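Trainee: Structure incoming, see below.
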Amino acid sequence: MRILITGGAGFIGSHLSEALLDAGHEVSILDNLSTGSIDNIAHLKARPGFTYHIDSVNNEPLLAELIDHADVVFHFAAAVGVKLIVEQPVHTIETNVHGTEVVLKHANKKKKLVVIASTSEVYGKSGNVPFSEDSDLVMGPTPKHRWAYACSKAIDEFLALAYWKERKLPVIIVRFFNTVGPRQTGQYGMVIPNFVRQAIAGEPVTVFGDGTQSRSFTHVADVVRALITLITEPRAVGQVINIGNTEEISIRALAERILAATGSASPIRLIPYDEAYESGFEDMPRRVPDLTKIHQMIGYEPRHTLDDILRDVIESFRKR
Ligand code: UDP
């Protein structure tokens with residue numbers, strides 16, 4: 001198949017590109033390198049069937065042409081990372097909402113299958129774990145910019161589902177749960193690459209809040225495998241689907257696990273949320289996916305544990 005990946009030079013997009021090429025597909029990517037990096041795709045440039053365009057989804061004539069040429073579109077171009085989102089709320093809302101609008105509009109012309117990357121962030125601060133796809137979304141108030149990200153992604157979901165319902169555009173919406181792996185940068189706030197870099201550099205490991213908040217991390221290889229299977233599953237069309245891992249860990253315990261795995265003597269430093277992000281910042285206490293739907297649909301089970309993730313990330317940082 002011919003596959004277009006917007007945001008293909010990003011962390012998840014670059015792993016997906018590689019796996020699709022390995023499976024014999026043609027891959028073209030569109031990425032403006034705002035958070036993606038040319039380094040992520042350097043090893044793919046010479047591969048047959050791979051083309052890349054360094055441009056924005058706002059270049060509509062180019063986007064239209066690339067979509068026209070594709071059988072399937074993965075729309076991964078978005079503002080990501082809590083730090084970036086809190087610091088650049090205008091950019092976040094405009095990028096996430098407008099980008100999805102134009103992708104869906106052009107895909108609709110010839111009814112190309114679109115996979116929309118959404119996020120477990122949409123579940124907001126609900127304490128009702130594990131989160132299943134039809135759970136309520138519990139957002140905080142609008143002056144707290146963190147929630148702009150969740151709302152912008154929820155609008156993307158609404159719009160994609162509306163295109164499916166009203167215009168029969170085939171869409172699949174995937175909600176990622178803290179995807180991690182080699183090539184992810186800590187620059188936009190993600191916790192595991194940050195902790196690993198700090199531990200290896202001998203710097204204090206910065207735990208925000210009291211560290212009792214928890215997450216469940218997913219290896220990017222599991223995510224990519226799920227994505228490639230989902231585009232062949234007709235029952236996935238018109239659906240919202242969690243992709244994650246149910247192994248849960250508190251952020252404090254994660255810091256300790258990373259210190260042990262790297263053999264680092266770095267201290268753990270607790271930093272109040274107000275200082276780490278912005279005054280009045282609200283975090284989610286827990287985030288665990290219910291994976292029943294994706295398991296029933298394509299037999300998905302995560303194959304990588306948190307220890308596998310940490311091993312791969314630590315190794316990739318040591319190679320840098
Ligand atoms: N976090 C932390 N130290 C860091 C970066 C993040 O303690 O240097 C915490 C963050 O406050 C959150 C968790 O780690 O509770 C996961 O953060 P991340 O930004 O990776 O993803 P999120 O789940 O918040 O989208």
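The values are calculated or read from the model by the stated rules, or taken from the named source; none is laboratory data. Everything quoted here is computed from the prediction, not taken from an experiment. FYI the Cβ positions are ideal-geometry reconstructions off the backbone, even for glycines, and counts take in every protein chain you see. The area values use the complete protein model at the heavy-atom level, side chains included, leaving out ligands, DNA and RNA. Shrake-Rupley method; radii C 1.70, N 1.55, O 1.52, S 1.80 Å.
Trainee: Would you pick out the residues in region 206-237 that are within 13 Å of the chain's Cα centre (by Cα) and of a type in the set (Ser, Thr, Tyr)?
Mentor: 218 - this is the single residue of region 206-237 that is within 13 Å of the chain's Cα centre (by Cα) and of a type in the set (Ser, Thr, Tyr).
Trainee: If you take the residues of region 47-89 that are part of a strand (DSSP E or B) and among the hydrophobic types (A, V, I, L, M, F, W, C), which of them is nearest to residue 20 (Cα to Cα)?
Mentor: Looking at the filtered set, the residue picked out is 50.
Trainee: Still on this structure, I have one more. Can you tell me which residue is modelled with the lowest pLDDT among those in region 162-182 that are assigned to a loop (DSSP other than H, G, I, E, B) and more than 13 Å from the chain's Cα centre (by Cα)? Before the answer, list the steps.
Mentor: Filtering region 162-182 for residues assigned to a loop (DSSP other than H, G, I, E, B) gives 168-170, 177-178, 181-182.
Going one step further and asking which of them are more than 13 Å from the chain's Cα centre (by Cα), we end up with 168-170, 182.
On the way: 168: 98, 169: 98, 170: 98, 182: 94.
Here the answer is 182.
Trainee: Still on this structure: Among the numbered criteria (1) in contact (Cβ under 8 Å) with a residue 40 or more places away in the chain; (2) in contact with a helix residue (DSSP H, G or I) (Cβ under 9 Å, 6 or more places away or on another chain); (3) surrounded by fewer than 17 Cβ atoms within 10 Å (Cβ to Cβ); (4) not acidic (Asp, Glu), which single criterion is violated by residue 302?
Mentor: (3)
Trainee: Do we have any residue at all in region 234-255 that's surrounded by 15 or more Cβ atoms within 10 Å (Cβ to Cβ), touching a Pro at 6+ places or on another chain (Cβ under 7 Å), assigned to a helix (DSSP H, G or I) and not β-branched (Val, Ile, Thr)?
Mentor: No.
Trainee: Has region 156-177 got at least one residue that is of a type in the set (A, V, I, L, M, F, W, C), under 27 Å from residue 86 (Cβ atoms), out of contact with any helix residue (DSSP H, G or I) (no Cβ under 9 Å at 6 or more places or on another chain) and more than 10 Å from the ligand (Cβ to nearest atom)? Walk me through it before giving the result.
Mentor: Here is the first cut: in region 156-177, the ones of a type in the set (A, V, I, L, M, F, W, C) are 158-162, 164, 169, 171-174, 176-177.
From what is left, the residues that are under 27 Å from residue 86 (Cβ atoms) are 158-160, 173-174, 176-177.
Next, from what is left, pick out any that are out of contact with any helix residue (DSSP H, G or I) (no Cβ under 9 Å at 6 or more places or on another chain): 158.
Remaining after also requiring more than 10 Å from the ligand (Cβ to nearest atom): 158.
Yes.
Trainee: Would you be able to tell me the number of residues in region 40-61 that are modelled with pLDDT of 95 or more and open to solvent by 40 Å² or more (accessible area, probe 1.4 Å)?
Mentor: The total comes to 14.
Trainee: Another question, then. Restricting the search to region 256-265, which residues are hydroxyl-bearing (Ser, Thr, Tyr) and assigned to a helix (DSSP H, G or I)?
Mentor: To start, the set of residues in region 256-265 that are hydroxyl-bearing (Ser, Thr, Tyr) comprises 262, 264.
The one that is hydroxyl-bearing (Ser, Thr, Tyr) and assigned to a helix (DSSP H, G or I): 262.
Trainee: Looking only at region 130-158, count every residue that is at pLDDT 95 or above, under 16 Å from residue 285 (Cβ atoms) and buried (at least 17 other Cβ atoms within 10 Å of the Cβ) and tell me the total.
Mentor: Within region 130-158, residues that are at pLDDT 95 or above, under 16 Å from residue 285 (Cβ atoms) and buried (at least 17 other Cβ atoms within 10 Å of the Cβ) number 2.
Trainee: Still on this model: Can you tell me which residue within region 179-194, out of those that are within 24 Å of residue 242 (Cα to Cα) and open to solvent by 40 Å² or more (accessible area, probe 1.4 Å), is farthest from the ligand (Cβ to nearest atom)?
Mentor: 183
Trainee: Testing residue 39 on (1) within 19 Å of the chain's Cα centre (by Cα); (2) within 19 Å of residue 226 (Cβ to Cβ), one condition comes back false. Which one is that?
Mentor: In the conditions (1) within 19 Å of the chain's Cα centre (by Cα); (2) within 19 Å of residue 226 (Cβ to Cβ), residue 39 misses (2) alone.
Trainee: Condition first: open to solvent by less than 10 Å² (accessible area, probe 1.4 Å) and at pLDDT 95 or above. Now tell me which residues in region 94-109 satisfy that. Explain how you work it out, then say what you get.
Mentor: Initially, region 94-109 is screened for residues open to solvent by less than 10 Å² (accessible area, probe 1.4 Å), giving 96, 99-100, 102-104, 107.
99, 100, 102, 103, 104, 107, listed by residue number.
Trainee: Right, next: Does region 266-282 hold any residues that are open to solvent by 70 Å² or more (accessible area, probe 1.4 Å) and not in a loop (DSSP other than H, G, I, E, B), and which are they?
Mentor: If the condition is that a residue be open to solvent by 70 Å² or more (accessible area, probe 1.4 Å) and not in a loop (DSSP other than H, G, I, E, B), then 269, 270, 274, 275 are the ones that fit.
Trainee: Let me confirm something: among 225, 197, 215, which residue is more than 10 Å from the ligand (Cβ to nearest atom), basic (Lys, Arg) and open to solvent by 10 Å² or more (accessible area, probe 1.4 Å)?
Mentor: On the way: 197 fails: more than 10 Å from the ligand (Cβ to nearest atom); 215 fails: more than 10 Å from the ligand (Cβ to nearest atom).
Selected residue: 225, the only one of 225, 197, 215 that is more than 10 Å from the ligand (Cβ to nearest atom), basic (Lys, Arg) and open to solvent by 10 Å² or more (accessible area, probe 1.4 Å).
Trainee: Those residues that are in contact with a helix residue (DSSP H, G or I) (Cβ under 9 Å, 6 or more places away or on another chain) and open to solvent by 30 Å² or more (accessible area, probe 1.4 Å), I need them from region 283-292; list them, please.
Mentor: 283
Trainee: If you check 107, 79, which single one turns out to be closer than 18 Å to residue 6 by Cα and within 16 Å of the ligand (Cβ to nearest atom)? Even if it seems obvious, please write down each step before you answer.
Mentor: Values: 107 fails: within 16 Å of the ligand (Cβ to nearest atom).
Only one candidate qualifies: 79.
Trainee: Moving on. What residue, among those in region 110-125 that are among the polar types (S, T, N, Q) and open to solvent by less than 10 Å² (accessible area, probe 1.4 Å), is farthest from the ligand (Cβ to nearest atom)? Don't jump to the end; show me each part of the working.
Mentor: Filtering region 110-125 down to residues among the polar types (S, T, N, Q) leaves 118-120.
Remaining after also requiring open to solvent by less than 10 Å² (accessible area, probe 1.4 Å): 118, 120.
Working: 118: 13, 120: 8 Å.
In this case the residue turns out to be 118.
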